[in-house]
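What follows is a short report on a single structure.
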Amino acid sequence: MKVRIGSEVREYQTVWMEEDVVCMIDQTKLPFEFSIYRAKNVEEVAEAIRMMKVRGAPAIGVAACYGLAQAALQNRHLPSKELKAFLSKVAAHLLSTRPTAVDMQNMVTRVLGMCEDLNSSDEVAQAALCEARKIAQENLEACRRIGELGSSLIPKNAKVMVHCNPGALGTVDYGTALSIVRFAHAQGKNIFVYATETRPWLQGRLTSWELTQEGIPHCLIVDSAAGYYLQRREVDAVLVGADRILPNGDVVNKIGTYMLAVTAYENGVPFIVAAPTTTFASSSSSVKVEERSSEEITHVKGYNPELGTITHIKIHPNVNARNPSFDLTPSKYVTFMVTEKGIFKPNEIKREL
Ligand code: MRU
């Protein structure tokens, strides 16, 4: 993705590995500060995922795979059997940090699978690293393809609404729903984006930051203004990503997606879900909806330009606040799904994947 630093424009991916350090754009500091967080061990990777320094279903999956590879490299002095048992424990710990998105599960299982039959610890470490890099590259290519394919659904002069940050920051690069926006914009389609704020964590600020880097016209709206624009037919399509797509086509995604889908349906606005195939779950069971700290609701995170610091301001007294992070949108509200393999309707999942 493009990042403007002063007068320079640089290309970055969201997460990558340098020797045995897992590097990531620190999303807790954006849009105020652009900085790179370097996790020196897998415990720091797990904490970075939990704290949402890296976030978005595919990005946390890739970060976890790099964390596993890092753990393998740093512990290759162990006998191979012990190393593999240790990696299984590490994987379980990583998976517990953000339990809803299925990409992490699918990707981590792949890395562990590559190590399974190997007899030397060096081979285990090399296989883990190689598979993690491969998964990252595949995600980048899948997201690029989603953009290429999905942009065909976007007419010229379209106004689209995007929820959460289904952007390059939520993947290795390009994004899911935002990859479609990037490609449509690059094709000169004159796209305008309504980016929902996505309370409480405010991922909309990240979407707005990415669109600003790319020079894509947009505005930020509060979540409760979405219905206003949909009802006035000022939106031609709603685009979202997903954290887990069930075999029947139901979509688990950022809290508020369900409300948006029902309102889009009611107003005849297409509701498009974009996700790589790593976001598809093989079974409908064990969907755990992450409930995050109530402090995300009772406090807001802001920037003090005079001090150049990020502060947390309390906006509610000590009340009982609930903070489910995801919801489930039944497939009947989904018009199209876009994956790297094609565009299809939710009831065509079995045939298409
Ligand atoms: O809690 P987050 O910010 O990790 O949630 C992210 C989303 O819900 C995205 O829509 C989803 O991961 C898919 S697009 C990267």
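The values are calculated or read from the model by the stated rules, or taken from the named source; none is laboratory data. Given the structure is predicted, the values throughout are model-derived calculations rather than measurements. Here the Cβ is made from the backbone with ideal geometry for all residues, glycine too, and neighbour counts use every protein chain on show. The accessibility values were calculated without ligands, DNA or RNA, using every heavy atom of the protein model including side chains. Shrake-Rupley method; radii C 1.70, N 1.55, O 1.52, S 1.80 Å.
Below, the figures for the structure above:
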quantity: Phi to ³J(HN,Hα) by Karplus 6.51 cos²θ - 1.76 cosθ + 1.60 over segment 279-287, Hz, x for Gly, Pro; calculated: 8, 8, 8, 7, 9, 8, 7, 6, 7
quantity: Two-decimal log10 I(q)/I(0) for segment 2-144, as the Debye equation yields it once each C-alpha is a single scatterer, q = 0.15, 0.21 Å⁻¹; calculated: -0.69, -1.25
quantity: Residues with amide H under 5 Å from that of ASN41, placed H, sequence gap 5 or more; calculated: none
quantity: Amide hydrogen neighbours beyond the local backbone of GLY256, cut-off 5 Å, H modeled; calculated: ASP327
quantity: Sulfur and carbon atoms: percent of accessible area, the chain [1.4 Å]; calculated: 52 percent
quantity: Formal net charge of residues neighbouring LEU95 (Cβ-Cβ distance under 15 Å; K, R +1; D, E -1); calculated: +1
quantity: Amide H contacts under 5 Å for HIS299, placed H, 5+ residues apart; calculated: ILE315
quantity: Among the listed pairs LYS254/LYS288; LYS53/LYS301; LYS2/LYS156; LYS29/LYS301; LYS29/LYS254, those beyond 18 Å (Cα-Cα); calculated: LYS2/LYS156; LYS29/LYS254
quantity: For the chain, accessible area per residue (1.4 Å probe, heavy atoms of protein chains only), Å²; calculated: 43 Å²
quantity: Charge dipole of segment 76-124 about the Cα centre (unit charges at C-beta), most positive-ward option of THR97, THR109, VAL124; calculated: THR97
quantity: Antiparallel %, DSSP beta bridges [both residues in segment 153-352], to 5; calculated: 50 percent
quantity: Rounded to 5, percent antiparallel among DSSP beta bridges of the chain; calculated: 60 percent
quantity: Helix runs (DSSP H) in the chain reaching 18 Å along axis by Cα, Kyte-Doolittle at least 1.0; calculated: 57-74
quantity: Shape category assigned to segment 153-352 from the gyration tensor of Cα positions, a/c cut at 1.5; calculated: oblate
quantity: Neighbour net charge for SER121 - beta-carbon separation under 14 angstrom, K R +1, D E -1; calculated: -2
quantity: Within the chain, longest stretch clear of exposed trypsin sites (Lys or Arg not before Pro) (DSSP loop, no more than 12 other Cβ within 10 Å); calculated: 41-155
quantity: Calculated over the chain: convex hull of Cα atoms, volume per residue (Å³); calculated: 141 Å³
quantity: Inter-part distance where segment 287-337 and segment 17-31 are each reduced to a Cα centre, Å; calculated: 22 Å
